[in-house]
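In what follows, a structure is listed as structure tokens, so that the remarks can point back to it.
The values are calculated or read from the model by the stated rules, or taken from the named source; none is laboratory data. Please read all numbers here as calculations on a predicted model, not as lab measurements. Here the Cβ positions follow ideal geometry from the backbone for every residue, glycine too, while neighbour counts run over all protein chains shown. These accessible areas exclude ligands, DNA and RNA; they are computed on the full protein's heavy atoms, side chains included. Shrake-Rupley method; radii C 1.70, N 1.55, O 1.52, S 1.80 Å.
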Amino acid sequence: MISQPTASKFVSVEAKELASALKLANSIIEVRNTIPILNDVRLNYGKKGLSVEATDLDLHATIHVDEVEGAGTWSLCVPARFLAAVASAAGTGWVHIEPAQVEIKNEKTGATSIRHSAEIRVGVASYTVEAHAPEDYPIIAGEKAGMVERFTNGHFALALKKVSGCISTEETRYYLNGVNWASTPSGRRMAATDGHRLALCRYAANEDETAFSYIIPRKTVGVISQYLANADVEIFSVSNGNKIIDTVLEFKGPGLVLRSKLIDGTFPDIERVIPKEFAHRLEIRTDEMLPAIRQATAIGGWRGSAIRLHGVSGKLHVEVKNEEIGTAKVSTSCDWPEDLAPIGVNSRYMADMVKRCQGSVAMQLNGDGGPIALADQDPEMTRLLMPMRV
């Protein structure tokens, strides 16, 4: 074995900075991987400083980390959860990392191979860990192309978060497993639906008449909502030569670049299901409606329980029937129109949508089995809930 000197290659970084980057990285890396290198992060050091890369093959993150000092130009793949544990145990100290490699010669064939490792020191503690070749680390191929749109002050993450509660978890309709970001003749918007409810955020007019439609996967939406909240974000298309790749986008924020594969499918034409007008408008109070739903569903079980909304002496009542136990009825102070028939809704969906509303809430409907709209003080938002038979 011939040892290769690597003393001129190293980086020292504050443990808390490294731990923060690895928290983001480990939110992307899957817990169980059949491909060993997918359990790793790739550390890159050079003129631009230190970066940490993480991927699950569908989402790839490049995270900039402020280093204390370093030398050389090098890359190294190390187990992500091990490195996170080291950084966490270091507390407020420094983590010193040196790449190492050994050339191994096969005595029979004469062929040589390189074995990679990392030498890590934290105060009086030292670690030697096996590593993978950095050139084997997978990436989402393509070159960054033109900018699609720029958002300031966290508006992109906020718009995604506003609608993300309605993302479907049903794998058979995979095209609903994300947020549809689109630019249409009626404006630019985010939308999500699971077929039972719909959340739509119209955040801007389409002044330049640009047309696009992307479905951003649930996981990518979650990472952006958490780690790019309050940040300016630039979104770029990705190309292969002169051809734009329709199923990949790149999101750039402070100290973070995310490249994500998109859901390759057609999002439903949601404009068709949104009523143009409503016959009835009911003013409801969230501090009254949410307890009423909780009290009524105590008799029927919270998950998937249907509630019946109807009028008694001109006031809204919430009712649940359980064939084995009995009936629960909860009265509210909200007015109920005399000509409006009782309606049924999913209690969990109703409560979740009411909780996401801001300020006073108006329930709008036509009473003909069509969707129920919940309108609040946010002019960007449209929320629809489909009724159910009870």
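Calculate how steeply helix 80-89 sits against the longest principal axis of the alpha-carbon atoms of the chain, using the helix alpha-carbon long axis, and give the answer as 0 to 90 degrees to the nearest 10.
Relative to the chain, helix 80-89 is tipped by roughly 90 degrees.
Quick check: with the 1.4 Å probe, what order do 152, 169, 382 take by accessible area, largest first?
Per-residue accessible area, sorted high to low, gives 169, 152, 382.
Using only Cα atoms, find the angle between the long axis of helix 15-28 and the longest principal axis of the chain, and express it within 0 to 90 degrees, rounded to the nearest 10.
Approximately 60 degrees, to the nearest ten.
Could you put 271, 170 in order of accessible surface area, largest first, with the 1.4 Å probe and the full protein assembly present?
170, 271
Pulled fully out, how much extra length does the chain show between residue 279 and residue 102, if you take 0.36 nm times their separation in residues and subtract their Cα-Cα distance?
Full-extension gain reported as 56.1 nm.
Select from 172, 247, 297 the residue whose mean-square fluctuation is largest in a Gaussian network model of the chain (Cα-Cα springs shorter than 10 Å).
Among 172, 247, 297, the largest GNM mean-square fluctuation belongs to 172.
What is the list of residues in region 89-103 whose amide nitrogen lies under 20 Å from a point 7 angstrom out from the Cα of residue 8, following Cα to Cβ?
Answer for this model: 97-103.
Tell me, rounded to the nearest percent, the portion of alpha carbon pairs in the chain spaced more than 33 Å apart.
The answer is 47 percent, as a whole percent.
Can you send over the solvent-accessible area of residue 227, 1.4 Å probe, protein chains only, in Å² to the nearest 10?
60
Could you check how many percent of all C-alpha pairs in region 1-88 are farther apart than 19 Å?
38
Report the net charge of residues surrounding residue 197, where surrounding means a beta-carbon distance below 9 angstrom and charges are Lys +1, Arg +1, Asp -1, Glu -1.
-1
At a Förster distance of 45 Å, what's the computed FRET efficiency of residue 152 paired with residue 124, Cβ-Cβ distance as r, to 0.05?
Result of the calculation: an efficiency of 0.45.
Would you calculate the separation in nanometres between label points at residue 85 and residue 358, each defined as 7 Å from the Cα along the Cα-to-beta-carbon direction?
Taking the simple label geometry, residue 85 and residue 358 are separated by 4.4 nm.
Can you pull the accessible area of residue 35 for me, 1.4 Å probe, Å² to the nearest 10?
Approximately 80 Å² of residue 35 is accessible to the 1.4 Å probe.
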